Amino acid sequence: MGKTIFITGAGSGLGRGAALGLAKQGHRVIATTEITSQKTGLMREAQERGLDMEVFKLDITNERDLARIDDHDFDVFVANAAINEGGPLGEMPMDRFRAIFEVNVFATLESVQFAARKLVKKGKGKIVFLSSMAGIITTPYGGPYAATKHAIEGMALTLKDELEEFGVQVATINPGAYNTGFNDRAAEEKWKWYDEEKNFTKAEDMKKQEKGLKNQFDPEGMIEKMIEIIPADHHKFRTVHPEKTEMQMKETEKERWDMEV
């Protein structure tokens, strides 16, 4: 039986792929995009594929846009919208750090609060946070994004306990590093403010870290996993993909207990 699935940040990347895939499976998808031009592109692709999707612009940092969540009925709410920006935490301009928290943490929670009120009233439903491997693992110069995803992990675990008595499930999906362009664009951002004459972080160290972006996974595997998990009635609280990343995350958590300074 198909479900009604509301997904934010469906204008690009994994969110876009999952929205189209879920609609193809027969689910009623309400796909929202950050900006209007993304709406146009997603609507066109859905029409070309013969998919029935409702698409509209919803910037989760905009109060008027957020209010539109109340106008829709749904079974699953997917908090997918996010931005990414890299840079050394010891030197990153605080306006940039605050900006990524505004979207990935504060606005994300506010959107989830709209969904929670609706689902609690219904007495059933599910909220899925798109977290990341960065919710558990940290890497040099990826700290801004990792900090927001660590916050997502804390919020999701807390909400899971708080909403359970109301019949509302809460879960996370934690993708590994996928080649959607999301990580590449984030790595580029720090070069807009970094100044080798002023900053103590070495440019060569950051460029060396960026070489890891050449080994990202094909996003189709992650999209397939999202299409499987999002409408499912029962699954693990945290879904990590691929398995290689899951093992890496588990090993990292174990290693932290023996870390010394």
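The values are calculated or read from the model by the stated rules, or taken from the named source; none is laboratory data. Everything numeric in this text was worked out from a predicted model, so none of it was measured. Cβ atoms come from the backbone with ideal geometry, glycine included; neighbour counts cover every protein chain shown. These area figures cover heavy atoms from the full protein model, side chains too; ligands, DNA and RNA do not enter into them. Shrake-Rupley method; radii C 1.70, N 1.55, O 1.52, S 1.80 Å.
Got at least one residue in region 123-145 being open to solvent by 50 Å² or more (accessible area, probe 1.4 Å) and over 29 Å from Met247 (Cα atoms)? Looking for residues that are open to solvent by 50 Å² or more (accessible area, probe 1.4 Å) and over 29 Å from Met247 (Cα atoms), one finds at least one in region 123-145, hence yes.
Among the numbered conditions (1) β-branched (Val, Ile, Thr); (2) surrounded by fewer than 20 Cβ atoms within 10 Å (Cβ to Cβ); (3) under 14 Å from the mean Cα position of the chain (by Cα), the only one that Thr148 does not meet is (2). Residues in region 234-246 that are farther than 14 Å from Thr172 by Cα and in contact with a strand residue (DSSP E or B) (Cβ under 9 Å, 6 or more places away or on another chain) were compared, and the one that is most open to solvent (accessible area, probe 1.4 Å) is Lys244. Cβ contacts < 7 Å: first residue among the aromatic types (Phe, Trp, Tyr), restricted to region 81-107; second residue in a helix (DSSP H, G or I), any location; separation 6+ or different chain. Result? Close Cβ pairs satisfying both conditions: Phe97/Pro144; Phe101/Thr148.
From the list Lys192, Lys207, Lys211, Lys198, pick out the single residue that is loosely packed, with under 13 Cβ neighbours inside 10 Å and closer than 16 Å to Gly90 by Cα.
That would be Lys198, the only listed residue that is loosely packed, with under 13 Cβ neighbours inside 10 Å and closer than 16 Å to Gly90 by Cα.
Since Gly212 meets every condition but one in (1) among the small types (Gly, Ala, Ser); (2) in contact (Cβ under 8 Å) with a residue 12 or more places away in the chain; (3) over 23 Å from Gly17 (Cβ atoms), which condition does it not meet? Only one criterion in (1) among the small types (Gly, Ala, Ser); (2) in contact (Cβ under 8 Å) with a residue 12 or more places away in the chain; (3) over 23 Å from Gly17 (Cβ atoms) is unmet by Gly212, namely (3).
Taking Met155 as the residue in question, decide whether it is open to solvent by 10 Å² or more (accessible area, probe 1.4 Å), in contact (Cβ under 8 Å) with a residue 40 or more places away in the chain and out of contact with any Gly (no Cβ under 8 Å at 6 or more places or on another chain).
Working: open to solvent by 10 Å² or more (accessible area, probe 1.4 Å): yes; in contact (Cβ under 8 Å) with a residue 40 or more places away in the chain: yes; out of contact with any Gly (no Cβ under 8 Å at 6 or more places or on another chain): yes.
Spelling it out, Met155 is indeed open to solvent by 10 Å² or more (accessible area, probe 1.4 Å), in contact (Cβ under 8 Å) with a residue 40 or more places away in the chain and out of contact with any Gly (no Cβ under 8 Å at 6 or more places or on another chain).
Close contacts from region 39-68, counting a first residue that is among the aromatic types (Phe, Trp, Tyr) and a second that is surrounded by 17 or more Cβ atoms within 10 Å (Cβ to Cβ) and outside any strand (DSSP E or B), with Cβ to Cβ under 8 Å and a gap of 6+ residues or different chains, come to Phe56/Lys39.
If I ask for residues that are crowded, with 17+ Cβ neighbours inside 10 Å and not β-branched (Val, Ile, Thr), which ones from region 102-122 would you list? Explain how you work it out, then say what you get.
Filtering region 102-122 for residues crowded, with 17+ Cβ neighbours inside 10 Å gives 103-105, 107-109, 111-112, 114-116, 118-119.
Hits for region 102-122 are Asn104, Ala107, Leu109, Ser111, Phe114, Ala115, Ala116, Lys118, Leu119.
With respect to (1) crowded, with 23+ Cβ neighbours inside 10 Å; (2) farther than 21 Å from Asn183 by Cα; (3) free of Cβ contacts under 8 Å to residues at least 60 places away in the same chain, the lone exception for Leu22 is condition (3).
Which of the residues spanning region 28-80 are of a type in the set (A, V, I, L, M) and either open to solvent by 20 Å² or more (accessible area, probe 1.4 Å) or assigned to a strand (DSSP E or B) (or both)?
Of the residues in region 28-80, the ones of a type in the set (A, V, I, L, M) are 29-31, 35, 42-43, 46, 51, 53, 55, 58, 60, 66-67, 69, 76, 78-79.
Those that are of a type in the set (A, V, I, L, M) and either open to solvent by 20 Å² or more (accessible area, probe 1.4 Å) or assigned to a strand (DSSP E or B) (or both): Val29, Ile30, Ala31, Ile35, Met43, Leu51, Met53, Val55, Ala67, Val76, Val78, Ala79.
Please tell me if Ala171 is among the hydrophobic types (A, V, I, L, M, F, W, C), over 30 Å from Ala115 (Cα atoms) and touching a residue at least 12 places away in the same chain (Cβ under 8 Å). I'd like the intermediate steps shown before the answer.
Details: among the hydrophobic types (A, V, I, L, M, F, W, C): yes; over 30 Å from Ala115 (Cα atoms): no; touching a residue at least 12 places away in the same chain (Cβ under 8 Å): yes.
So Ala171 fails the test.
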